[in-house]
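A.B. asks: What follows is a structure written as structure tokens; I'll ask about it next.
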Amino acid sequence: MTTAGHHQPGQSPARPTPTGLDLLGAMDRPRPRRAHEHVAEEIRRRIGLRLVRAGESLPSDREMAEEFGVGRATVQAAIRMLEAERLVVTRRGRHGGTFVLSLHDDELARDYLVARLRRNAPAIQQAVAFRDIVEPHAAALAAAHRTDDDLTVIREAAESAATVEDDATFTARDNAFHLAIAAASHNVFIHEAVVQIRLVLNDALLARPADPVWQRRTAVEHDAILDALVAGDGAAAEQAMRAHTAWTAENVQRMLADLSGS
């Protein structure tokens, strides 16, 4: 008879059952980022969430150095990374600065985006599937926990998204709507999950051809979600959001299929 921690001669010692922490430790861990990579990722995040839109300028090197607690050389190294990705361009002179590139004004930036979409297609598909799980539940929670202030922010986002014509501004307002609902769930993990989903999906949404029908249908579906939130009807909010995310998923999958065949 063997006891715990012992084994008979000729037998291999029993392997301990892995714990959750063991399994977590076995996962691939990203290497620590250098300071300029961290700054570049944060700027990339803001551009991805359309907090800074195409044609708009980033803060000055000095302002970003103060914000991130790094030297100006670190900020400049981060900017060079983003320039290489065709996300930003630096212009000199009196009206110079670092500006977010527009896909419509920079053909090379659009080529980079298409290449990025092809490379990230598996992640985009996973984000679409994850969204179908997270956002309907976020809407149900928001219906139960939203405040009057939450509803005001959500309503303003829905109304502003319905009144714009250009895709870049529409995507930014659409972001605001979905992130406001996630915030109204009052669950920080759900909010961060929706942020990550939007960071992956936004390139795909921006790369699709301009389509007024898309925007009109989105506005109608946003209104249905908002009505359910106002009524405090969690089931209706969840159903309306599920219909909305399913329709978007179909369009994103179709676009990815077109890219893979081109």
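A.B. asks: If the requirement is being closer than 23 Å to Leu117 by Cβ and in contact (Cβ under 8 Å) with a residue 12 or more places away in the chain, which of these qualifies: Asn251, Asn187?
C.D. replies: On the way: Asn187 fails: closer than 23 Å to Leu117 by Cβ.
Checking each option against the conditions leaves just Asn251.
A.B. asks: Of all residues in segment 103-143, which are surrounded by 15 or more Cβ atoms within 10 Å (Cβ to Cβ) and among the small types (Gly, Ala, Ser)?
C.D. replies: Across segment 103-143, the qualifying residues are Ala109, Ala121, Ala127, Ala138, Ala139, Ala140, Ala142, Ala143.
A.B. asks: Further question on the same structure: Among what's in segment 66-83 and is more than 25 Å from Ser102 (Cα to Cα) and not β-branched (Val, Ile, Thr), pick the residue that is surrounded by the fewest Cβ atoms within 10 Å (Cβ to Cβ).
C.D. replies: Checking each candidate, the answer is Gly69.
A.B. asks: Of all helices (runs of 4 or more DSSP H) completely enclosed by segment 1-93, which ones contain at least 2 residues that are at pLDDT 55 or above?
C.D. replies: Fully inside segment 1-93 and qualifying: 35-48, 61-68, 72-84.
A.B. asks: Does Phe170 meet the test of being under 20 Å from Leu49 (Cα atoms) and without any contact (Cβ under 8 Å) to a residue 60 or more places away in the chain?
C.D. replies: Judged against the criteria, Phe170 is a match.
A.B. asks: Residue pairs, Cβ under 9 Å, 6 or more apart or interchain, first in segment 79-95 and within 15 Å of Met64 (Cβ to Cβ), second part of a helix (DSSP H, G or I) and of a type in the set (Asp, Glu). List them.
C.D. replies: Pairs found: Ile79/Asp61; Met81/Glu37; Thr90/Glu83.
A.B. asks: Residues that are touching a Gly at 6+ places or on another chain (Cβ under 9 Å) and not β-branched (Val, Ile, Thr): find the helices (runs of 4 or more DSSP H) completely inside segment 144-262 holding 1 or more of those.
C.D. replies: Numbers: elements: 148-161, 167-184, 188-207, 212-231, 234-261.
Output list reads 167-184, 188-207, 212-231.
The values are calculated or read from the model by the stated rules, or taken from the named source; none is laboratory data. In this text, all values refer to a predicted model and were calculated from it rather than measured experimentally. When we count neighbours, we look across all protein chains shown, and the Cβ atoms used for this are built from the backbone with ideal geometry, even at glycine.
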